[in-house]
Amino acid sequence: MPETIEGDSEGRMRIKCRKIVSGAGEGEALVTKQAINFLAMIDLKSGIIKDEKHALYGKSVADKILIFPNAVGSSVGAYSIYALKINNVAPKAILCKKADITTASGCAIANIPLIDHPDADIFAIRSGAKVKINDDLIEIY
Amino acid sequence: MQLTKEEEKALAGEKGEALAIAYRILLAIGESTDAENLVPITWAHVSGVNYNTIGDSGVKFLEGLSREGRFAVKTTINPMGFDPLKVRALKLKEEFIQQQNKIVSAYERMGSMKPYTCIPYEVFDLPPKDTSVSFAESNAAVYANSIAGLRTNKESALSALASALTGKAPYSELRMEEMRKPNKCIKIKHVIENELDYGLLGYFAGKVASDVVAFDGINTLEKRNAKALSAAIGTSGSCGMFTVGRTDCETVEFGKEEMMKVRDELNTSDKGDLITLGSPQLGVDDLSLLSKMIEGKKFRKRCLIFCARAAYESATRLGYTQKIEQAGGELLCDCCTCLTPLVDREEVDSVITNSIKGAYYLNSHNKVGVCLKPLKEIVKEECE
């Protein structure tokens, strides 16, 4: 597995995934290997990660393609995902290693495209890379 | 996941918008947990009641849903932000009270039962062993699977709500017999003495394990320790069940060093201005124990004690609450420590508690320091 996934000679790389909430989205990748507790770690008005111990501390999930392993902790985290959407600071799409019930149900009512079970190492994608999600496929430019 | 023709129709909106939303949620969680179909459940326990947890967008969502949505099975709900019978004395913002009341009305319109509790397994009669239920509230899900013998996934507020409206849940993960086996074993190498130690152990376990975790070194578990362990497991990770006793699977050691590391993460103050007990709420047995421990003593600081209303009423008949109140304890029902609006950093710098789940949210949400002490030490050091 390469350290970072860059585009191929045609300038893009495709990773096949599993569709959980269908839809399409395009934007900058925001990548972390750390799990997220949506209720405790994110400021819902700004979309900024407010947990100082988290690797994404200070960064905003707004309009990003958020890439992380899975959510942890409170069962109310699903509402937090919905609140991000209502406050216009939600990610454009979410890619998990394995989508959990909190993330899946939050995305279902917020209509945020959600995919998981990637067939390559998603954590090798660089934060800031341009990424496009379409149903069960992710393209990295 | 395969839906029946009737379920497909409901998903398409033929039975109203509330059921369409519910099936959209069930479909997403069914796909994510590899379910092949939905199965009936008999009891849903829904979280997302406290206004501090779901906010204005949650209020709007629930008000919309409750216009036509009605619960199809027995549905119990989590604590709200305050004790409604004592709210006037609690000095909360009017807006908080109004928004909280809207949430409670929406749930009641859909058919939820009282009281508002995070320990439904202690307050309500339990169905027979192996019954499928749908419990959000992480401590309740872990306790239901591990101690009460019920079968639930670690539901989200919305997935449990969807189950409440439909009476169904995906047949996946911890609802399946073959999935209820530990895939990680914690070997305990340090003495686990009290409820705080169990909480520290649970927080560690939640971080290192997923699915089902076994504890090698525990044989029996008192109810209050099981509650502390369940709540802490549910706070730090995605694990939804534990077993006790050694099992043959990957082993991780929990010794003094691991315990101190968890303690250092959550213990952010060496003293506190206020004491909170609860998260999970105290049941009758907890109130009985507390009343004996503090008999003839007085709390030196304000002490908020969160309990289930049913437990409070039974404990009053048995004379326990009177003793606690004589010692200066403030008993509050229908609410809890977790994301409480009653601890305000404008007034309080740090809080003493024996709850690991409480400590996590007091640190991260209320932004106050936390001083961790087991109940025995709280009574010894903070009472006169």
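The values are calculated or read from the model by the stated rules, or taken from the named source; none is laboratory data. Quantities reported herein were computed from a predicted structural model and do not represent experimental measurements. Ideal geometry is used to build each Cβ from the backbone, glycine not excepted, and the neighbour counts take in all protein chains shown.
Side notes on the structure shown:
- Checking each residue in segment B:72-115 for being aromatic (Phe, Trp, Tyr) and surrounded by 22 or more Cβ atoms within 10 Å (Cβ to Cβ) picks out B:PHE82, B:TYR107.
- Checking each residue of segment B:4-23 against the condition of being buried (at least 19 other Cβ atoms within 10 Å of the Cβ), of a type in the set (Asp, Glu) and more than 10 Å from chain A (Cβ to nearest Cβ) gives at least one match.
- Enumeration of residues in segment B:234-253 that are over 24 Å from the mean Cα position of the chain (by Cα), in a strand (DSSP E or B) and not acidic (Asp, Glu): B:THR251, B:VAL252
- Per this entry, B:CYS239 is counted among residues that are within 14 Å of another protein chain (Cβ to nearest Cβ), among the hydrophobic types (A, V, I, L, M, F, W, C) and under 20 Å from B:GLU178 (Cβ atoms).
- Restricting segment B:337-384 to residues that are over 22 Å from A:LEU39 (Cβ atoms) and aliphatic (A, V, I, L, M), the residue that is farthest from the other protein chains (Cβ to nearest Cβ) is B:VAL379.
- Scan of segment B:186-205 for residues that are crowded, with 22+ Cβ neighbours inside 10 Å and assigned to a strand (DSSP E or B), ordered by number: B:ILE186
- Among the conditions (1) within 12 Å of another protein chain (Cβ to nearest Cβ); (2) touching a strand residue (DSSP E or B) at 6+ places or on another chain (Cβ under 8 Å); (3) not in a loop (DSSP other than H, G, I, E, B), the only one that B:ALA144 does not satisfy is (1).
- Of all the residues in segment A:1-23, those that are in contact with a helix residue (DSSP H, G or I) (Cβ under 8 Å, 6 or more places away or on another chain) and either at pLDDT 95 or above or not polar (S, T, N, Q) (or both) number 9.
- Meets criteria (assigned to a helix (DSSP H, G or I) and among the basic types (Lys, Arg)) for B:LYS271: no
- Residue-level analysis places B:GLU253 outside the set of residues that are free of Cβ contacts under 8 Å to residues at least 12 places away in the same chain, more than 26 Å from A:GLY77 (Cβ to Cβ) and not assigned by TED's automatic domain parsing to the domain that holds B:GLY283.
- Residue count, segment B:25-37 (criterion: buried (at least 24 other Cβ atoms within 10 Å of the Cβ) and either more than 9 Å from chain A (Cβ to nearest Cβ) or in contact with a strand residue (DSSP E or B) (Cβ under 9 Å, 6 or more places away or on another chain) (or both)): 6
Conditions tested, residue by residue: (1) among the hydrophobic types (A, V, I, L, M, F, W, C); (2) crowded, with 24+ Cβ neighbours inside 10 Å; (3) closer than 20 Å to B:GLY358 by Cα.
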site	(1), (2), (3)
B:GLY149	no, no, no
B:SER159	no, yes, no
B:PRO170	no, yes, no
B:MET179	yes, no, no
B:ASN183	no, no, no
B:GLY217	no, no, no
B:LYS227	no, yes, yes
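- Evaluating B:GLU155 against the criteria (1) in a helix (DSSP H, G or I); (2) buried (at least 24 other Cβ atoms within 10 Å of the Cβ); (3) among the acidic types (Asp, Glu) leaves one unmet condition, (1).
- For segment B:306-330, the set of residues classified as of a type in the set (A, V, I, L, M) and crowded, with 24+ Cβ neighbours inside 10 Å consists of B:ALA308, B:ALA311, B:ALA315, B:ILE324, listed by residue number.
- Filtered residue count, segment A:87-119, keeping only those that are within 22 Å of B:GLU173 (Cβ to Cβ) and more than 9 Å from chain B (Cβ to nearest Cβ): 6
- Filtering segment A:104-134 to residues that are closer than 30 Å to B:VAL46 by Cα and in contact with a Ser or Thr (Cβ under 8 Å, 6 or more places away or on another chain) leaves A:ALA104, A:SER105, A:GLY106, A:PRO113, A:LEU114, A:ASP116.
- Test: residue in segment A:61-72 that is at the interface with another protein chain (Cβ under 7 Å from one of its Cβ atoms), over 13 Å from the mean Cα position of the chain (by Cα), under 25 Å from A:ARG18 (Cβ atoms) and part of a loop (DSSP other than H, G, I, E, B): yes
- Of the residues A:ALA71, A:ALA120, A:ALA78, the single one that is of a type in the set (Gly, Ala, Ser), surrounded by fewer than 24 Cβ atoms within 10 Å (Cβ to Cβ) and either at pLDDT below 95 or touching a Phe, Trp or Tyr at 6+ places or on another chain (Cβ under 8 Å) (or both) is A:ALA120.
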